[in-house]
Amino acid sequence: MTVIPFRPRHQEPQHEPLAFAIGARVDLRVGALAAGVVRPRATAEEAFAFSNLARLLRAARMAWRERGIHAPLTLAVPPEVHADLEADLLSEAAIEAGCTRHALSFELCERRVIADGGALAEELRARGWGVALRGDPQCPLPFGVRARALYSELVLEAPLENDPFLAMEDGDRSPLGRRLLAAKAAGLIITAETVRTTGQARTLAIAGFDRGGGPFAEAGLR
C-alpha cells in the first residue's frame, strides 16, 4: 500500500493518528490507474468524527491531486463504526472536504450491511454518492435486483486458485461465480482486492474482474 502521511497544519503532534493510506486500483485489462482507496490509520471512532473526517478527506484528495492523479477515490468505512454512522455525516463531511459525487464513493462491509441493514447504503445512494460493497468470501447477501441497484462496485478478495471461467455463463456455479455473473449483468465494477502478478491480473480479467489492487497495482505508483 502507498502510505501518504498527513498531519494537519497548526496542529500538535498528538493529531498524528489522522494519517491515512491510499492504495491504488488499476484496470486489469490495460494496467491504467483506475481509482484509489483511502483507509484511515487512526482508530475508526476518531477518524469518523465529523471534523476529523472532513480534514482527512480533504487531505487525501489534495495528496492524490498533488501527484497529478485525477482518478476517483473510495473511502473504506471500517466495519466497527458502520452501525453508528449516518449518511448525513458522511455526505456533509465529503462536501466540506470539497469532494464531488463523481470523484468519491464509500465502501461498506457486506457483513455489517447484513447485521445493520441496508439503510446506510440506501441513504448514501439517495444523496447521489456511489457505494461499493466489500464482499464477504461466503457471499451471504442475496444479490438480487434491490442489492444490485444500491452498489456501483463489488470488491472481492480474489480466490486462491484462479479460475478463468468464474463469470462465464456455462462456467463455475459456486456462490462467487453466481455473484460475479449477477454483478456483471448489473453493470457493476468488479474489483479484486489483492492482485500480486501480471499473470494473475490477466487470469482475473478473463474471469470477469475489472480492477485490482495490491502489489500489482502499487507497482504502477512507484
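The values are calculated or read from the model by the stated rules, or taken from the named source; none is laboratory data. These numbers were taken from a predicted model, which means no experiment stands behind them. All Cβ positions, glycine included, derive from the backbone under ideal geometry; neighbour counts span all protein chains shown. For the accessible areas, the whole protein counts, side chains as well, though only heavy atoms, and no ligand, DNA or RNA atoms are used. Shrake-Rupley method; radii C 1.70, N 1.55, O 1.52, S 1.80 Å.
Of the residues making up region 35-56, just one is without any contact (Cβ under 8 Å) to a residue 40 or more places away in the chain, basic (Lys, Arg) and surrounded by 18 or more Cβ atoms within 10 Å (Cβ to Cβ), namely Arg39. When restricted to residues that are among the aliphatic types (A, V, I, L, M) and in contact (Cβ under 8 Å) with a residue 40 or more places away in the chain, region 57-88 contains 7. Restricting the search to helices (runs of 4 or more DSSP H) fully inside region 126-222 and requiring at least 2 residues that are touching a Ser or Thr at 6+ places or on another chain (Cβ under 6 Å) and modelled with pLDDT under 90 gives an empty result. Residues that are among the basic types (Lys, Arg), surrounded by fewer than 18 Cβ atoms within 10 Å (Cβ to Cβ) and farther than 16 Å from Gly23 by Cα within region 57-103 comprise just one, Arg101. Restricting region 111-136 to residues that are open to solvent by 30 Å² or more (accessible area, probe 1.4 Å) and touching a strand residue (DSSP E or B) at 6+ places or on another chain (Cβ under 8 Å) leaves a set whose member that is nearest to Val37 (Cα to Cα) is Arg134.
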